[in-house]
Amino acid sequence: GVMEDEKIERLRERILQCPICIDEYKDPRILPCHHTVCLNCLLDYVRHSSSSGRLFRCPQCRSDICVPRGGVKDFPPNFYVNCIQDELGSRPYFGICDICERDWLISQYRCVDCDLDICRFCIHEHKLFKHGAGREVMIMRIETGNIASFMASEKGCEVHSGETLQMFCCTCETAVCVTCVCEVHKKHETMPLVKKLMASQKELQFDLDDLKAEVKSTQDSLTELRQLRSKIHESSENTMSSIRQRAREISMEMDKVADEKVERIRTTTGTVLQEIDDYLKEMEGLHDQAKKGCGFLEDLQEDDVSLELFASFTKYKKGLEVVRKSVQNKLIVTQTPVFEPGKLKQFFGFHLFRFGDLQFRKQKSLFLKQDINLSFSRSSKSKKLCCVMKKLLYFLFFALVASGLIILTNDIRTSDHVCLAQWIGWLFFLHLTVTGGFAFYKSRR
């Protein structure tokens, strides 16, 4: 009776319950500490609790247990527990359908994905509409033990309680009870529900054939579409790779042109820079020598003046003059590089690119011109030029005076007078020109 069932249930909980999954043992294995665990639970427990897979602790008494050489499966089965399970039999399942929730319908299926217990009348709609197409759904059939007879119950009429659906109304396309046929569906075309189900079974076979044909057709289209997509994807990847490769080649060509222009600049300016560096060293030598002379003269005292001083300074000036002549009137021709970048233009679908123009601007620079105003650097040529200009001025002056006396003292004809006047005018013009040139020359010195 009921008391016996309660005792059996308590016995199951005390002896047949796994300490890990808290459910009835499935393939129980006994440990060296005499505790029992399901084989699958033991495999998961050892895998997660032992880093080496050789040593673990019992989940009940925490004793250290070594895994046999053959693995967890070599733990011996607990024949005592197996015998008790055989004597008591498997536990029947009394779950109620989680969809229709009718207590007289016992769940016969379980959807693992949705975690629902479902009866045999609700399972079809659940399979068709509750899961997306193309997704594999895990639905298990539940063993119902000795209550399988309850699963044969049919759906009741919604209008007349207690009546079962035994007829089918072809006019309304719905299952009805006998009372409904006599009342609401009296003049409708009806037929036994069993006959309708048999006819529907044949229609389902036709639907199955149509669906198989549609599956094959869509599968072929899917295969073709996937191949087309793969082809387009592969073609686009290859094309993009070719474009990137071409860009790298163009970049390498541009780098080559740039290297040539850079090398040209380096070669051209290298010679000029070397010449300037050499001249800088010579100029620094002259600067140091002149600075040394300035310091020497500034430090002289009145009682330092002697013949030896003048002799030493004369020797110093000669050496300075030699250095000065080597750096005076130095003409340096420089070439400054100037780069004008090109532009990218499009012309009828073509890309026209001009890298740019490289030019060298020449410039001449004259350093340390010889007309530096130094009292001790006057050359003999400038003195001679001054003497010549002075003599020329004296000659022109006396020529003007003589011409004037001739006009005043002699009786000259008018035509001769005019010629002599022109002569005097030219002499006066020359005198003014030479005087101006001499004054300019003196001012520049």
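Take the residues of segment 18-72 that are exposed (fewer than 14 other Cβ atoms within 10 Å of the Cβ) and part of a strand (DSSP E or B): which is nearest to the chain's Cα centre (by Cα)? That would be Leu55. For first residues located in segment 66-78 and of a type in the set (Val, Ile, Thr), partners that are assigned to a helix (DSSP H, G or I) and lie 6+ apart or on another chain with Cβ distances below 6 Å form the pairs Val72/Leu42; Val72/Leu43; Val72/Val46.
Kindly establish whether Leu320 is surrounded by 11 or more Cβ atoms within 10 Å (Cβ to Cβ), out of contact with any strand residue (DSSP E or B) (no Cβ under 8 Å at 6 or more places or on another chain) and without any contact (Cβ under 8 Å) to a residue 40 or more places away in the chain. Step through it out loud before you land on a result.
Working: surrounded by 11 or more Cβ atoms within 10 Å (Cβ to Cβ): yes; out of contact with any strand residue (DSSP E or B) (no Cβ under 8 Å at 6 or more places or on another chain): yes; without any contact (Cβ under 8 Å) to a residue 40 or more places away in the chain: yes.
Answer is yes for this residue.
Can you find a residue that is assigned by TED's automatic domain parsing to the domain that holds His351, more than 30 Å from Asp357 (Cβ to Cβ) and touching a residue at least 24 places away in the same chain (Cβ under 8 Å) anywhere in segment 297-313? Within segment 297-313, none of the residues are assigned by TED's automatic domain parsing to the domain that holds His351, more than 30 Å from Asp357 (Cβ to Cβ) and touching a residue at least 24 places away in the same chain (Cβ under 8 Å). In segment 105-224, counting only strands (runs of 3 or more DSSP E) that sit wholly within it, the ones holding 2 or more residues that are modelled with pLDDT of 80 or more and of a type in the set (A, V, I, L, M) span 174-176.
Kindly indicate the residue of segment 323-345 that is under 30 Å from Arg264 (Cα atoms) and free of Cβ contacts under 8 Å to residues at least 24 places away in the same chain and also surrounded by the most Cβ atoms within 10 Å (Cβ to Cβ) among those meeting that condition. Give the steps one after another, and end with the answer.
We begin by selecting, within segment 323-345, every residue under 30 Å from Arg264 (Cα atoms); these are 327, 329-345.
Those still in the list that are free of Cβ contacts under 8 Å to residues at least 24 places away in the same chain too: 338, 340-345.
Values: Val338: 10, Glu340: 9, Pro341: 8, Gly342: 12, Lys343: 8, Leu344: 8, Lys345: 10.
For segment 323-345, the residue satisfying everything is Gly342.
Just to be sure before I move on: is Thr239 touching a Pro at 6+ places or on another chain (Cβ under 7 Å), assigned to a helix (DSSP H, G or I) and of a type in the set (S, T, N, Q) in the structure I sent? No; evaluated as a whole, the condition is false for this residue.
Residues in segment 40-57 that are touching a strand residue (DSSP E or B) at 6+ places or on another chain (Cβ under 6 Å) and of a type in the set (Ser, Thr, Tyr) were compared, and the one that is modelled with the highest pLDDT is Ser49.
All conditions in (1) closer than 23 Å to Cys97 by Cα; (2) surrounded by fewer than 11 Cβ atoms within 10 Å (Cβ to Cβ) hold for Thr171, with the sole exception of (1).
For segment 273-332, the set of residues classified as outside any helix (DSSP H, G or I) and either farther than 23 Å from Leu368 by Cα or touching a Pro at 6+ places or on another chain (Cβ under 8 Å) (or both) consists of Asp299, Leu300, Gln301, Val305, Ser306, listed by residue number.
The values are calculated or read from the model by the stated rules, or taken from the named source; none is laboratory data. Here the structure is a predicted model, which means the values were calculated and not measured. Ideal geometry is used to build each Cβ from the backbone, glycine not excepted, and the neighbour counts take in all protein chains shown.
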